[in-house]
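Structure first, commentary second.
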Amino acid sequence: MTGANYLTEQRGLRSWLFTLDHKRIGVMYLWSTLLAFFLGGVLAMLIRLELLTPTRTLMDADTYNKAFTLHGAIMIFLFIIPSIPAALGNFVLPLLLGARDVAFPRLNLASYYLYVAGALMALASMITGGIDTGWTFYTPYSTSTGGAVNLVTLAVFVLGFSSIFTGVNFIATTHKLRAPGMNWFRMPLFVWGIYATAIIQILATPVLGITVLLLFLERVFGVGIFDPKLGGDPVLFQHFFWFYSHPAVYIMILPGMAIISEVIPVFSRRPIFGYRAIAFSSVAIAAVSFLVWGHHMYVSGQSVLASALFSFLTFLVAIPSAVKVFNWVATMYKGSIWLQAPMIYAIMFLLLFAIGGLTGLFLGSLAVDVHLHDTYFVVAHFHYVMMGGTFIAFLAGLHYWWPKMFGRMYSERWSRIAAALVFVGFNATFLAQFVMGSRGMPRRYYNYLPEFQALHVVSTVGSWILALGLLITAGYLLASLRKRPDAPANPWGGMTLEWQTSSPPPTHNFAAVPVVDRGPYDFPPLEAEEELAGRPA
Amino acid sequence: MSWLRDLLVPPQGSTFAHEVDPLFMFLVGLTGFFFLLIAGLTGWFILRYRRGSRVRRGVAPTHNTALELLWSLIPLALVVVIFFWGVQGYISAAVPPADALEIKVIGKRWLWEFQYPNGLRTVNEMRVPVNKPIKLVMISEDVIHSFYVPGFRIKQDVLPSRYTQLWFEATQPGVHSVLCAEYCGRSHSDMLATIHVVSQEEYQQWLEAGGAVGEGLPLSELGRLVYERYGCDACHSLDGTRLEGPSLRGVFGKPVLLADGQRVIADENYLRESILNPQAKIVAGYQPVMPTFQGLLSEREINALIEFIKEQK
């Protein structure tokens, strides 16, 4: 706790802007992605407010269409995709591996600046006319509509490279910079998850880059690729788009699962159940994720055979996902469960992700999806996976590593109050949307039939509770930064390497190169007395 | 469980709704069971093994191959069942019965136009007889739309590049909403239509009355007009005579041998492509000389022309 650490060793703006320290880059990513989340969240609140009544509530249809487009684009491209890998991953991956830094520190900084450039371009679209295509940019609507579509497609292109640079860096780091003695099966599961994510990032993201570039060429130079008026095929765009964007769903969820695989063992004081099953299921999910894009297109006019194949492969992804959930639950068996904030969020993740995953079975099933496709059922499903899954896991990770990152403990009492509000608010917001969807309420609707209003009111009120919970979270986390540093090196009793250095860590991470001679979850056996009673609180 | 079904989905209006709802409800039960299992075990473990609780812990295993196989294989078996069940329904939704009444649907921002075989055109209002399969052949004039009838549990994207189709058989008289389910711009959420399911007699009366006040001709007569006005008759005979291009007699639904050796069926999409992009598929033995009619013909006229070609048996 005393002496220089990465936050204090150098001071001044320049020391941050030109830093090559993975921890500082991680922290810059953290604040940037949180800012993006805040913007996306404000838009979400405006959308929910507009939907309080079946007709106009506070904005016109064009504004509403731009609001939901920007909400989706910000949350996906500026928050969920970079948040866990580039913010938390950047900070802890080298620490977990016992390394001094990532393999390519300059590439890491370049990735951050590309992110900032892409983010500024995307946000500049707000003042240059907005964009109303939906975050999916479906053609030929996106080739014919006005607004700042060109700018946003270029932004997505730039952000893609940011994502690729991070992926390349993490793969090289994992292969080359593991501490002596850390073989692949002594790596913490967070590393496995981030590694699988990085593979998808570098394989799938180029396809997105190509797709938005083709869209740009069509809009600017009239090259006929997607627009039937120019001889193109609009459904081709959907194939290209989902060839990236479905694997991207796993870019979003695998890091979340990876955090949960760290938190549950530490707070249950038990080795993770089925380490290899969890590790390999990450890789299996990454592999199969490339072959399921067509399940977004069951009603697009693709052939029955193609739909059937995509449906089958989609169901296969359910198996490794289910295996992970069972493993996490089994890890708690005969543990000594310590309900601190990270664990509370991990358990919340288990419940919400279970709902998100199980409702995926409805959508994977061909005949049922015909009814549910493009309804609020889909909206609710992916919010349970992306927000209930990834975002809640992000909160678990943020609470878990916060003391390590900033050297401060936060208020445990306020964290419980906030977690309760988040849980209640989230479920009120999105459970109602499942029912709306299965009753036939399509998504992206500005006006809606009056029969859906009661459910919309529940959903909007839920969003207020959720927002209150998140504001409280921001409050107690920021308040902790004003205190004197008080976090011990290892507040949770973790066995992975990041807890063996001080909080916050020194610039070079470890005083001496750590040598690894055991697995990441080999907790010392409980004493005879503790064995019966659990650890003393 | 019908109270739960009534809560979760709209009333069943079609044969397909009766087919797909049991699978939907099966999934509700199955996923409900698994959620309660996961939540129940989690809750029980938290209570029993919370830190400080006096309970014998011992050393729990770090893995158990038999258990892990079991919880992989049981879900696998279940999803295989769900998969086949879903495919079965999807196929029956994809294949319209041969005796279906055909109605053309044109989606455009932001309305639905319906064309009946007798030339009657309606906008945002479709009237169909009960207990009779209806086949919709759909095209968009601008961007992608999606024809969605929640009460029938059917949905199909409507593309600007080629026809897609959809069919249903309404099981009782009533009124159903048609919603556009693919985002199409400013008034996307107002692109609504109504389907009135009526008795056969009522349908017939409406059709006759509507036809009298309707604008224009029956589709196939309009098609003949187009055939003559746009000069198709210069190159395509109706009696089998070989002119510059192949005769239209008996061409619909038959296999056509192409110059590159491929064999295709002359269906709606083939005919449409041959009108709008004649160079795409050249019939064996003919020269690629036909000009495109892209932009010259409206969707209604193309539909009419194809309808006319169909009748040249």
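The values are calculated or read from the model by the stated rules, or taken from the named source; none is laboratory data. If you're wondering where the values come from, they're calculated on a predicted model, not measured in any experiment. As a convention, Cβ positions derive from the backbone with ideal geometry for all residues, glycine included, and neighbour counts pool all protein chains shown.
Residues in the range B:252-261: is at least one part of a strand (DSSP E or B) and free of Cβ contacts under 8 Å to residues at least 12 places away in the same chain?
Yes, the conditions are met somewhere in the range B:252-261.
Here A:G256 meets each of (1) surrounded by fewer than 19 Cβ atoms within 10 Å (Cβ to Cβ); (2) under 15 Å from the mean Cα position of the chain (by Cα); (3) of a type outside the set (S, T, Y) with one exception, condition (1).
Residue by residue through the range B:17-43, note down the ones that are among the hydrophobic types (A, V, I, L, M, F, W, C) and facing chain A (nearest Cβ under 8 Å).
Within the range B:17-43, the first condition is being among the hydrophobic types (A, V, I, L, M, F, W, C), and the residues that meet it are B:17, B:20, B:23-28, B:30, B:33-39, B:41.
Of everything in the range B:17-43, those that are among the hydrophobic types (A, V, I, L, M, F, W, C) and facing chain A (nearest Cβ under 8 Å) turn out to be B:V20, B:L23, B:F24, B:L27, B:L30, B:F34, B:F35, B:I38, B:A39, B:L41.
Of the residues A:V325, A:V329, the single one that is within 9 Å of chain B (Cβ to nearest Cβ) and either aromatic (F, W, Y) or without any contact (Cβ under 8 Å) to a residue 24 or more places away in the chain (or both) is A:V329.
Only residues that are in contact (Cβ under 8 Å) with a residue 40 or more places away in the chain, surrounded by fewer than 16 Cβ atoms within 10 Å (Cβ to Cβ) and part of a helix (DSSP H, G or I) were counted across the range A:475-484, and they come to 3.
For the range B:173-196, the candidate set comprises residues that are assigned to a strand (DSSP E or B) and of a type in the set (S, T, Y); within that set, the residue that is nearest to the other protein chains (Cβ to nearest Cβ) is B:S177. Would you confirm whether or not the range B:291-308 contains a residue that is loosely packed, with under 15 Cβ neighbours inside 10 Å, charged (D, E, K, R) and touching a residue at least 12 places away in the same chain (Cβ under 8 Å)? No: zero hits. Consider the range B:52-77 and keep the residues that are surrounded by 14 or more Cβ atoms within 10 Å (Cβ to Cβ), under 14 Å from A:V323 (Cα atoms) and among the aliphatic types (A, V, I, L, M). The one that is farthest from the other protein chains (Cβ to nearest Cβ) is B:L67.
For the range A:222-249, the set of residues classified as crowded, with 18+ Cβ neighbours inside 10 Å, of a type in the set (V, I, T) and more than 10 Å from every other protein chain (Cβ to nearest Cβ) consists of A:I225, A:V249, listed by residue number.
For the range A:389-409, give me each residue that is outside any helix (DSSP H, G or I) and surrounded by fewer than 23 Cβ atoms within 10 Å (Cβ to Cβ).
Within the range A:389-409, A:R408, A:M409 qualify.
Applying the set (1) within 16 Å of the chain's Cα centre (by Cα); (2) buried (at least 23 other Cβ atoms within 10 Å of the Cβ); (3) more than 10 Å from chain B (Cβ to nearest Cβ); (4) over 30 Å from B:R56 (Cα atoms) to A:F430 leaves exactly one unmet item: (1). A:T55 meets the conditions (1) closer than 19 Å to A:Q201 by Cα; (2) within 14 Å of chain B (Cβ to nearest Cβ); (3) not aliphatic (A, V, I, L, M) in every case but one. The failed one is (1). In the range B:279-294, what residues are within 17 Å of B:F252 (Cβ to Cβ) and assigned to a loop (DSSP other than H, G, I, E, B)? Selection gives B:K281 alone. Taken over the range B:159-172, the residue count meeting the criterion of being within 9 Å of chain A (Cβ to nearest Cβ), more than 8 Å from the chain's Cα centre (by Cα) and assigned to a strand (DSSP E or B) is 0. Applying the set (1) under 30 Å from A:D60 (Cβ atoms); (2) more than 14 Å from chain B (Cβ to nearest Cβ); (3) touching a residue at least 60 places away in the same chain (Cβ under 8 Å); (4) buried (at least 21 other Cβ atoms within 10 Å of the Cβ) to A:A467 leaves exactly one unmet item: (4).
Within the range A:41-56, one or more residues are without any contact (Cβ under 8 Å) to a residue 12 or more places away in the chain and assigned to a helix (DSSP H, G or I). Right, A:L455: without any contact (Cβ under 8 Å) to a residue 40 or more places away in the chain and farther than 22 Å from A:R416 by Cα or not? It is true that A:L455 is without any contact (Cβ under 8 Å) to a residue 40 or more places away in the chain and farther than 22 Å from A:R416 by Cα.
The residue that is nearest to B:P75 (Cα to Cα), counting only those in the range A:300-315 that are facing another protein chain (nearest Cβ under 8 Å) and touching a residue at least 12 places away in the same chain (Cβ under 8 Å), is A:F315. Among the residues that make up the range B:237-248, is at least one of them out of contact with any His (no Cβ under 6 Å at 6 or more places or on another chain), surrounded by 12 or more Cβ atoms within 10 Å (Cβ to Cβ) and outside any loop (DSSP other than H, G, I, E, B)? Taking every residue of the range B:237-248 in turn, none turns out to be out of contact with any His (no Cβ under 6 Å at 6 or more places or on another chain), surrounded by 12 or more Cβ atoms within 10 Å (Cβ to Cβ) and outside any loop (DSSP other than H, G, I, E, B). Can you confirm whether A:P505 is within 30 Å of the chain's Cα centre (by Cα), outside any helix (DSSP H, G or I) and crowded, with 17+ Cβ neighbours inside 10 Å? For A:P505, the condition - within 30 Å of the chain's Cα centre (by Cα), outside any helix (DSSP H, G or I) and crowded, with 17+ Cβ neighbours inside 10 Å - is met.
Of all residues being within 8 Å of another protein chain (Cβ to nearest Cβ) and in contact (Cβ under 8 Å) with a residue 40 or more places away in the chain in the range A:433-442, which is nearest to A:A61 (Cα to Cα)? Just the residue, please.
In the first step, residues of the range A:433-442 are kept if they are within 8 Å of another protein chain (Cβ to nearest Cβ); the result is A:435, A:438-440, A:442.
Subsequent filtering for residues that are in contact (Cβ under 8 Å) with a residue 40 or more places away in the chain retains A:438, A:440, A:442.
Values: A:S438: 24, A:G440: 21, A:P442: 16 Å.
Taking the candidates together, the pick is A:P442.
For the residues A:I210, A:I202, the requirement of being part of a helix (DSSP H, G or I), surrounded by fewer than 19 Cβ atoms within 10 Å (Cβ to Cβ) and within 20 Å of the chain's Cα centre (by Cα) singles out A:I202. Report yes if B:S199 is hydroxyl-bearing (S, T, Y) and under 22 Å from A:N65 (Cα atoms), otherwise no. No.
Scanning for something assigned to a helix (DSSP H, G or I), touching an Asp or Glu at 6+ places or on another chain (Cβ under 8 Å) and polar (S, T, N, Q), does the range A:155-163 turn up at least one residue? Within the range A:155-163, none of the residues are assigned to a helix (DSSP H, G or I), touching an Asp or Glu at 6+ places or on another chain (Cβ under 8 Å) and polar (S, T, N, Q).
Based on this model, can you work out whether B:F83 counts as surrounded by 18 or more Cβ atoms within 10 Å (Cβ to Cβ), at the interface with chain A (Cβ under 9 Å from one of its Cβ atoms), in a helix (DSSP H, G or I) and out of contact with any strand residue (DSSP E or B) (no Cβ under 9 Å at 6 or more places or on another chain)?
On the way: surrounded by 18 or more Cβ atoms within 10 Å (Cβ to Cβ): yes; at the interface with chain A (Cβ under 9 Å from one of its Cβ atoms): yes; in a helix (DSSP H, G or I): yes; out of contact with any strand residue (DSSP E or B) (no Cβ under 9 Å at 6 or more places or on another chain): yes.
Yes.
Among the residues of the range A:206-262, the ones that are under 25 Å from A:M387 (Cα atoms) and charged (D, E, K, R) come to 1 in all.
A count restricted to the range B:101-137 and to residues that are assigned to a loop (DSSP other than H, G, I, E, B), modelled with pLDDT of 95 or more and either under 21 Å from B:H188 (Cβ atoms) or not polar (S, T, N, Q) (or both) stands at 3.
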